[in-house]
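Chemist: The structure is given below, and queries will be raised subsequently.
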Amino acid sequence: MKSLPSASELQALVDNTYQQFHALPGGENASYIPYLASVPSDLAALVIVTATGDIFQAGDCEYSFAIESISKVATLALLMEDVGPETVREKIGAEPTGLPFNSVLALCEHQDKPLSPLVNAGAMASVSLLKADSPEERWQRILDMQRRITTGKLTLSEEINQSEQTTNFHNRGIAWLLYAAGNCFCDPMEACEVYTRQCSTLVTCRDLAVMAATLANLGENPVSGEQVMSAENVAPLLAEMTMEGLYDYSGDWAFEVGLPGKSGVGGGLLAVAPGKLGIAAFSPPLDESGNSVRGQRMIAEVAKALNLNIYR
Ligand code: DON
């Protein structure tokens, strides 16, 4: 394997890429969750964490924002530990939907089976399939995994959680559809409530880069040194990210950038270069698929400069 450039070259790459693209025009903050509409649109950050734990960063790296859909990665990692990847595939799926992340049509077309644990329906099904005897245990296990796969300091934002729990009617509808079809494995409102909480934790761009680097490092967090998931579960997790990590843009992202990734409507985006490094970017304005406009561009430029495309 070709080694990475020197530390000073990596820092220069992060600085230059951030400078060039952190103010790129286009996109809008998510507005269907009131809190997200109020986040300053000009915030931006770019971070690389290598598989050996070295960190290179630029921009608003200390700013904490809502993890949103990137939480689906941590929950899926935990679920694979609980039931194994084959059960995840059998009960939830491993296919792209080709439709938006909260699509009811995608469910209707597939007998209300989610197809992917990384869309809202599949994420609620994942939450419901976790081993837990109470809603509180279900939530604490997810929060614990979010902490172990990042840097250990994540907390729930009561403000974001309140904003989401009082507006998540569409997701509640999806949870009931799943339940009616036998594809929700606990009380559907418990699955929706805990899923909504898992989206409402606060992360920094550096936290997300550590998460990506943990996946790049076969499940061992390179900053804490902890093995947070089994090495053999990393490949199926990255495959799910390739299929659906950027929703109905996942195919284009694979074509253009060639790295498993995951986005959130809070403006976070991460990508994994297996064996090498994790990259994360943050910038609130989103495109039509719900992916950060500047985040995509910054990560694509870093991937190109370092020749990280896994299909090459
Ligand atoms: O469930 C929702 O709609 C949000 N809590 C999360 C969606 C999301 O992040 C989709 N991402 N691009």
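The values are calculated or read from the model by the stated rules, or taken from the named source; none is laboratory data. Everything numeric here is computed off the predicted structure, so don't read it as measured data. Using ideal geometry, Cβ is built from the backbone for each residue, glycine included, and neighbour counts are taken over all protein chains shown.
Chemist: If I ask for residues that are touching a strand residue (DSSP E or B) at 6+ places or on another chain (Cβ under 6 Å) and of a type outside the set (A, V, I, L, M, F, W, C), which ones from the range 39-81 would you list?
Modeler: Correct list: T50, Q57, G59, D60, S64.
Chemist: Answer yes or no: is there a residue in the range 160-176 that is farther than 21 Å from M211 by Cα, hydrophobic (A, V, I, L, M, F, W, C) and away from the ligand (no atom under 12 Å from the Cβ). Before the answer, list the steps.
Modeler: Residues of the range 160-176 that are farther than 21 Å from M211 by Cα, as a first pass: 160-176.
The next check asks that each one be hydrophobic (A, V, I, L, M, F, W, C); those that pass are 160, 169, 174-176.
From the residues that got through so far, the ones that are away from the ligand (no atom under 12 Å from the Cβ) too are 176.
Yes: one or more hits.
Chemist: Restricting to the range 194-216, what's the tally of residues that are of a type outside the set (A, V, I, L, M, F, W, C) and more than 12 Å from the ligand (Cβ to nearest atom)? If you could, list the steps in order and put the result at the bottom.
Modeler: Initial filter on the range 194-216 (of a type outside the set (A, V, I, L, M, F, W, C)): 195-198, 200-201, 204, 206-207, 214.
Narrowing the set further to residues that are more than 12 Å from the ligand (Cβ to nearest atom) leaves 204, 206-207, 214.
Of the residues in that region, 4 qualify.
Chemist: Continuing with this model, one more query. Out of all the residues in the range 104-119, which are crowded, with 24+ Cβ neighbours inside 10 Å and not in a helix (DSSP H, G or I)?
Modeler: The answer is P114, S116, P117, L118, V119.
Chemist: Now a separate question. Considering every residue within the range 220-231, establish whether at least one is in a helix (DSSP H, G or I) and either assigned by TED's automatic domain parsing to the domain that holds I48 or more than 12 Å from the ligand (Cβ to nearest atom) (or both). Steps first, please.
Modeler: Let us first name the residues in the range 220-231 that are in a helix (DSSP H, G or I), namely 231.
From what is left, the residues that are either assigned by TED's automatic domain parsing to the domain that holds I48 or more than 12 Å from the ligand (Cβ to nearest atom) (or both) are 231.
Within the range 220-231 (the criterion being in a helix (DSSP H, G or I) and either assigned by TED's automatic domain parsing to the domain that holds I48 or more than 12 Å from the ligand (Cβ to nearest atom) (or both)), the answer is yes, since at least one residue qualifies.
Residue-wise test of (1) out of contact with any Phe, Trp or Tyr (no Cβ under 8 Å at 6 or more places or on another chain); (2) more than 16 Å from the ligand (Cβ to nearest atom); (3) of a type in the set (D, E); (4) not assigned by TED's automatic domain parsing to the domain that holds E62.
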| site | (1), (2), (3), (4) |
| --- | --- |
| D252 | yes, no, yes, no |
| G261 | no, no, no, no |
| A273 | yes, yes, no, no |
| I279 | yes, yes, no, no |
| G290 | no, no, no, no |
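Chemist: Where the second residue is more than 14 Å from the ligand (Cβ to nearest atom) and among the polar types (S, T, N, Q) and the first is touching a residue at least 24 places away in the same chain (Cβ under 8 Å) and lies in the range 277-305, which pairs have Cβ atoms under 7 Å and are six or more apart or on separate chains?
Modeler: Correct list of pairs: L277/T50; P284/S41; P285/S41; M298/T17; E301/T17; V302/T17; A303/N309.
Chemist: Taking the stated definitions as given, is R89 assigned by TED's automatic domain parsing to the domain that holds W253 and away from the ligand (no atom under 16 Å from the Cβ)? So that I can check it myself, show each step before the final result.
Modeler: Numbers: assigned by TED's automatic domain parsing to the domain that holds W253: no; away from the ligand (no atom under 16 Å from the Cβ): yes.
Taking the combined requirement at face value, the residue does not satisfy it.
Chemist: Please verify whether T52 is in contact (Cβ under 8 Å) with a residue 40 or more places away in the chain and crowded, with 20+ Cβ neighbours inside 10 Å, treating the condition exactly as stated. Working first, answer last.
Modeler: Values: in contact (Cβ under 8 Å) with a residue 40 or more places away in the chain: yes; crowded, with 20+ Cβ neighbours inside 10 Å: no.
It is false that T52 is in contact (Cβ under 8 Å) with a residue 40 or more places away in the chain and crowded, with 20+ Cβ neighbours inside 10 Å.
Chemist: To continue, here is another question. Only one of these is away from the ligand (no atom under 13 Å from the Cβ) and more than 26 Å from R294 (Cα to Cα): A58, A106. Name it. Write out each step before concluding.
Modeler: Details: A58 fails: more than 26 Å from R294 (Cα to Cα).
One residue alone meets the criteria, A106.
Chemist: Taking A239 as the residue in question, decide whether it is more than 16 Å from the ligand (Cβ to nearest atom), touching a residue at least 24 places away in the same chain (Cβ under 8 Å) and in the same structural domain as S41 (by TED's automatic domain parsing).
Modeler: On the way: more than 16 Å from the ligand (Cβ to nearest atom): yes; touching a residue at least 24 places away in the same chain (Cβ under 8 Å): yes; in the same structural domain as S41 (by TED's automatic domain parsing): yes.
Judged against the criteria, A239 is a match.
Chemist: When the range 232-247 is examined, which residues are found to be modelled with pLDDT under 95 and not hydroxyl-bearing (S, T, Y)? Full working, then the answer.
Modeler: Going through the range 232-247, the residues modelled with pLDDT under 95 turn out to be 247.
Hits for the range 232-247: nothing passes.
Chemist: Given the conditions (1) within 16 Å of the chain's Cα centre (by Cα); (2) away from the ligand (no atom under 14 Å from the Cβ), and given that D187 satisfies all but one, which numbered condition is not satisfied?
Modeler: The single condition D187 does not satisfy is (1).
Chemist: List every residue pair whose Cβ atoms lie under 7 Å apart, where the two residues are 6 or more positions apart in sequence or sit on different chains, the first residue falls within the range 193-216 and is farther than 19 Å from V228 by Cα and of a type in the set (K, R), and the second residue, located anywhere, is modelled with pLDDT of 95 or more and not in a helix (DSSP H, G or I).
Modeler: R197/L156
Chemist: Now for a separate question. If F101 meets every condition in (1) in contact with a helix residue (DSSP H, G or I) (Cβ under 6 Å, 6 or more places away or on another chain); (2) within 12 Å of the ligand (Cβ to nearest atom); (3) assigned to a helix (DSSP H, G or I) apart from one, which number is that one?
Modeler: Every listed condition holds for F101 apart from (3).
Chemist: Considering each residue of the range 1-26, count those that are crowded, with 20+ Cβ neighbours inside 10 Å and either among the hydroxyl-bearing types (S, T, Y) or closer than 16 Å to G290 by Cβ (or both), and give that number.
Modeler: Looking only at the range 1-26, we keep the residues that are crowded, with 20+ Cβ neighbours inside 10 Å, and these are 10, 14, 17-18, 21-22.
Checking the rest, the ones that are also either among the hydroxyl-bearing types (S, T, Y) or closer than 16 Å to G290 by Cβ (or both) come to 17-18.
Going through the range 1-26 one residue at a time, the tally reaches 2.
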